[in-house]
Amino acid sequence: MDAWKSAEGWRQHSGGAAVRRSGKGLDPAAITSKGWARSLWSFSGGDGIVEYAINDRGRGRGNLPMSRTEQDFIHRTFELLDRLTGLAFKPVSSPSGADIRVYCAGKLGGSEGVACKRKNSFDVYWKDKRGWDLTAFEKYVIRHEIGHALGLDHPYGSGGNRRYDTKDTVMSYNWVGNTTFTPTYIQALQGLWGA
Ligand SMILES: [Zn+2]
């Protein structure tokens with residue numbers, strides 16, 4: 001059972017929204033969810049060592065195997081997060097016992113990505129767009145969903161909040177082409193997990 005599930009609503013925001021900037025940067029607290037972070041802490045066994053498993057062989061109904069390119073991007077993302085935060089990320093081959101599990105899905109019921117809180121893990125899915133290749137949009141979705149697993153939320157609880165876009169944080173639905181970790185994203189994670 002899903003105690004919590006974020007089925008994303010990107011469909012309404014495709015094509016890039018016209019964002020009205022307030023002139024002020026996005027407050028890292030506006031994308032912080034202490035509840036989700038507490039879950040990850042508890043999944044990790046309270047040691048801050050987060051084990052993650054990549055479903056590279058596409059096991060399970062509806063899932064696809066991953067190319068080396070796709071796996072490398074996910075590993076690189078966790079390596080970056082390891083350097084940026086006080087958490088340590090450790091790849092494991094077996095999904096049982098992993099704190100975060102990453103899946104490539106063929107279909108996601110119209111959504112581009114999903115993060116599910118299970119009993120003992122976060123399961124993160126992204127929808128495949130281009131076979132073995134990884135588009136910039138897929139990279140953005142992967143970093144958005146992993147952000148949820150680490151305790152990040154949409155800007156003020158709303159992915160479509162038109163004041164913000166992915167230049168503020170990949171936690172926005174308003175994708176303007178970038179996949180990078182912004183200062184807001186990094187500061188929010190450091191607020192939760194230390195530097
Ligand atoms: Zn989301």
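Quick note: the coordinates plus some simple rules give every number you see, no bench work behind them. Just so it is clear, the model here is predicted, and its values are computed rather than measured. Neighbour counts are summed over all protein chains in view; Cβ atoms, including those assigned to glycine, are modelled from backbone coordinates with ideal geometry.
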When region 82-173 is reduced to its Cα atoms, the Kirkwood hydrodynamic radius in Å: 14.3
Estimated FRET transfer efficiency (HIS75, ASN120; beta-carbon r; R0 30 Å; 0.05): 0.85
When region 42-195 is reduced to its Cα atoms, the Kirkwood hydrodynamic radius in Å: 15.6
Calculated from backbone phi, Karplus (6.51, -1.76, 1.60) coupling profile of region 109-117 in Hz, x at Gly/Pro: x, x, 9, 8, x, 9, 10, 10, 8
Long-range HN-HN contacts of LEU64 with modeled amide H, under 5 Å: CYS104, ALA105, GLY106
Where Cα atoms sit under 14 Å apart: lysine pairs in region 75-172 separated by 8 or more or lying on different chains: 4
Extension gain, SER93 back to ARG130 (0.36 nm per residue minus Cα-Cα distance, nm): 10.8 nm
Residue-wise HN-Hα coupling along region 152-164, computed from phi with Karplus coefficients 6.51, -1.76, 1.60 (Hz; x: Gly, Pro): 9, 10, 5, x, 6, x, 10, x, x, 2, 6, 7, 10
The chain: calculated mean residue ellipticity at 222 nm from DSSP helix runs of at least 4, using -39500 (n - 2.57): -8500 deg cm²/dmol
Potential lengthening between ASN63 and ALA195 on full extension [0.36 nm per residue; Cα-Cα distance subtracted]: 44.1 nm
HN-Hα J in Hz across region 188-195 - Karplus 6.51, -1.76, 1.60, θ = phi - 60°, x for Gly and Pro: 4, 5, 6, x, 7, 10, x, 9
Spin-label model distance (nm) - ARG38 vs LYS107, 7 Å beyond Cα toward Cβ: 3.8
